[in-house]
Structures are given as structure tokens and as C-alpha cells.
């Protein structure tokens, strides 16, 4: 398979980035070092190319109804310019992907952002469901002709306001508006995947270099820092912390009930209701390793002489200076403060179940 | 990207450097190796006094993104261990040929079977 290249590929080459294959895309993994990039986002600001994320536009008289069927959150509540985090489930309630749904400002219909490599599958799913239900909609996969960057960190909003045609400081969390940046018409949303304030910016791929260059002077960040930042914030990664083939999980197990609205008629609702009534056997938890070892994806979690779960994501938290991880454990062991072990190579490292919002919990912001 | 490969040392294919200092050799990992690993967060080293066999793993270097074993390029008893890098593993990133050294082995063995700087440079091309 040929890897897709983001529209900023040559700019990243020129900046001497290291690259990695992620979801079928050849993306920058580091520009300087994970630590440098990570702390820039926590302390000032960083910029990320996230053009590997999918972009799918859904329009037409039945667009709201279709979105409400295929995502778990209440799409009908969105006003133009509102965004919401949501899940995409199969009929059994298993997570296929997570996404952000935007009701487009100054345009009709919706934009939703599936994860890297999922755009074609989701576009087909939307079209197939529309055909089966006879919904009058147009579903367009615009991933290839769209660029997306994220500016994240405590100084991100000011940085964007200073180069944009209009301030974004009055933009609420999970709200979006159309703004000009470097002559390009952009959708700017106060969203992100780092646990910091910031925005994500969507534009035509042909404008990618001018929009990216408008933030010259802000630390370039790769997927390596994106991963450590999202993990410290306790945010899940589709394809890793849940995956329909390798890690089939429901939103109930994954702790994503907060974006499941049972008053809407979404696919998977019946199965989820039954599972909710029966109670879940395993839950996603935050893990803090209390020894000098990183708990990496796939490592077994043990307690009372038995395997009680496995790690799905883990790293050294650059901000907290301790190894942190996410994983699923037997619900009987899921309470915060429970001491468990993680099999790290030849030995078992002591670890503790903690609030998965590692950074916020540390700062007392709970 | 170019990597530092000091002239007066020998190199192993597994990316360790070896520097003779009288009757001991000092061992660490190369500039190329530390760059490949990225931000190093833990280093595990054996205790002084243990005897190592050439080609066996003696330590572990763990970075945010990867974990890697470190191998003994020659045989001999461990004369010294750089304990500074246990508390400050970032020294291996910052100064792999200096403050980031790992162990010293007592040996009179020849280092001729190891790569010279030109051969090592060729290997990492």
C-alpha cells in the first residue's frame, strides 16, 4: 500500500522531521524531541499537522436524522457553529471509531472528522445507511482535498487571534466559526486532543502551506508528542484503546457514556441498553506505574495471582515524570487506589489504578 | 542528518562505542543510537563486580517511544558503572560519548575485531 502524504509533507521534510506510518499516512512523528514539543504545548503553544484525520461532509434534508442514527450524541441539539464529541457504533454497540461532529457555520449540513484511515469506511457506512433508509442526503469524503492543523497550548488562542481576520478568544469550547488566515478561508474550532486550550483549523489542502507558515515561530509538534499529550489528558486513541477487530469495546467499557444519548435513535442503542442493564465486566482505567518501567500496549495487568486485564496505551508522562497508561481491567479492580501489577518483560511492576485524567487530577482540577 | 562518530573509538554493530583507557574500556551508546531512541527516560545497568561475556546484554535503555538492550562489546569484569545516568538518563541523549557513558570493563583484549569509525559510519548510512 502506498502511504498518503499530507499537503504539508514537503514542508515537514524541509524542517527535518522524522516520519512514521499512521493510519496509512506518512506523518511527522518528531521535529525536535517529544519532550521539547510536549512541554511547548503545556507551557506556551505548539502546532500540529493533523491532515491525516478524515473529513466527511453530510448535507441534505435528512442530514440531521442520518447523523443522529450513526453517531451516539444528540446531533439535533447542535446550532450552526456547534461541535460535539461522539461515538460511531455497530449494531452490537461496539466502537467503530470516535469523532467530532460539527454543524457547519455559514454552510448547510455537517462535517464530521473520523480518525486517520477511517474516512472511506465511514463514508461508505453513511451512504449505505442512507440508501437503506431512503434518506435524502449527500455524503462527500473531502479528506484528500482538505488540510487540518491544530494550534494547542495556553498561548494558542492568542497566537491564532493575532494572525486571523477575526479574534477567536470569544469562541467557546466546542464551537467553530469561519475565519480568514493568511488569505485562506478556514473553519476554526476551539477543540483539541492535548488537554490544553487551543484550536483546530480546517482549510483547503491548496492553502496548507500558507496557513501553516502563518504560525511560524510556534513549535512544530509531531505525532509522538500528540500521543504523550493525549495520554496525560486521559483521551482515548481510536484503533489502539478501542478497535472493532483488535480491541472490541463498547462506550460503556471505554468510559464514553457521557457522549451516548439514549434519547436519540442511534445504531447500537438496543445492544448498549441490554449491556448497561447486565453490567459491564471490564472497564477502562488509568494506571500509574510505581516503578522505573513503562507499561506499554499489550502488557498484562495482574492481581491476586491472575491476569485481570491488559494495557492499551502507555508512556512516560513528560509533565508528571511518572509512567502512565490506559488499559482495561476486570470491573472488580477498577476503583481508584486499587494496587495491581503490570508484567513488564521478565518481572511484575507495582502499579496503581488512578484517575485517567492524569494531569487534571494532579492539578486538582477534577 | 549527520551523527558524531569520534575518531579514537571503536564501535559495535549494535551501536555501542568502546574507548580504551589503560587497562579498562569504557562503553556507551552512539550518537546515532540515542537519536534513534529519542528521549531516554530509564537506564538499567548491572552492578560493578559482575563479569560480562562479549555479545551478552548488560543493560536496558528505555525511551518514551522504544526500549532497547545494550550489549557488551568485549568480555570482562565490570570495574565501574555510571550511576549518574540512573538519575539523569537524559545525559545519554545530551552527551552520549561523555557524561552519558555506561560502564567500564576490565580487559586487555584487543578491540581490533570491532568496527572502526569509517566502518561504523558506513553501517549507519
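Points worth noting:
- Scanning segment A:129-155 for residues that are in contact with a strand residue (DSSP E or B) (Cβ under 7 Å, 6 or more places away or on another chain), in a loop (DSSP other than H, G, I, E, B) and more than 17 Å from residue A:209 (Cα to Cα) returns A:137, A:142, A:153.
- When residues in segment B:92-120 are screened for being more than 14 Å from chain A (Cβ to nearest Cβ) and part of a helix (DSSP H, G or I), 4 of them pass.
- Residue within segment A:181-188 that is over 30 Å from residue A:10 (Cβ atoms), in contact with a strand residue (DSSP E or B) (Cβ under 8 Å, 6 or more places away or on another chain) and in contact (Cβ under 8 Å) with a residue 12 or more places away in the chain present: no
- Considered as a group, the residues in segment A:348-366 that are free of Cβ contacts under 8 Å to residues at least 24 places away in the same chain and over 16 Å from residue A:255 (Cβ atoms) include one that is surrounded by the fewest Cβ atoms within 10 Å (Cβ to Cβ), and that residue is A:364.
- When residues in segment A:240-274 are screened for being closer than 19 Å to residue A:66 by Cα, in contact with a strand residue (DSSP E or B) (Cβ under 8 Å, 6 or more places away or on another chain) and not in a helix (DSSP H, G or I), 4 of them pass.
- Within segment A:156-202, the residues that satisfy the criterion of being within 19 Å of the chain's Cα centre (by Cα) and part of a strand (DSSP E or B) are A:175, A:176, A:187, A:188, A:189, A:198, A:199, A:200, A:201, A:202.
- Identity of the residue in segment A:16-27, touching a residue at least 60 places away in the same chain (Cβ under 8 Å) and over 22 Å from residue B:94 (Cβ atoms), that ends up farthest from the other protein chains (Cβ to nearest Cβ): A:24
- Of the residues making up segment B:41-66, those that are away from every other protein chain (no Cβ under 14 Å), farther than 12 Å from residue B:103 by Cα and assigned to a strand (DSSP E or B) number 0.
- If you filter segment A:221-239 down to residues that are more than 14 Å from chain B (Cβ to nearest Cβ) and in a loop (DSSP other than H, G, I, E, B), you find that the one that is farthest from residue A:317 (Cα to Cα) is A:239.
- Members of segment A:28-63 found to be in a loop (DSSP other than H, G, I, E, B), away from every other protein chain (no Cβ under 14 Å) and touching a strand residue (DSSP E or B) at 6+ places or on another chain (Cβ under 7 Å), listed by number: A:45, A:50, A:51, A:52, A:53, A:54, A:55, A:60
- Given (1) loosely packed, with under 13 Cβ neighbours inside 10 Å; (2) assigned to a strand (DSSP E or B); (3) more than 14 Å from chain A (Cβ to nearest Cβ), index of the condition residue B:69 fails: (3)
- Among residues of segment A:292-310, those that are surrounded by 15 or more Cβ atoms within 10 Å (Cβ to Cβ) and either modelled with pLDDT under 95 or within 14 Å of chain B (Cβ to nearest Cβ) (or both), counted: 7
- For segment A:203-220, a residue qualifies if it is out of contact with any helix residue (DSSP H, G or I) (no Cβ under 7 Å at 6 or more places or on another chain) and part of a strand (DSSP E or B), and the qualifying residues are A:204, A:220.
- Checked against (1) closer than 27 Å to residue A:223 by Cβ; (2) surrounded by 19 or more Cβ atoms within 10 Å (Cβ to Cβ), residue A:139 passes all but a single condition, namely (1).
- Looking across segment A:244-291, just one residue is at pLDDT 95 or above, farther than 15 Å from residue A:312 by Cβ and within 14 Å of chain B (Cβ to nearest Cβ), and that is A:290.
The values are calculated or read from the model by the stated rules, or taken from the named source; none is laboratory data. Remember, predicted model here, so these are calculated numbers, not experimental data. Here Cβ is always computed from backbone atoms with ideal geometry, including for glycine, and neighbour counts include all displayed protein chains.
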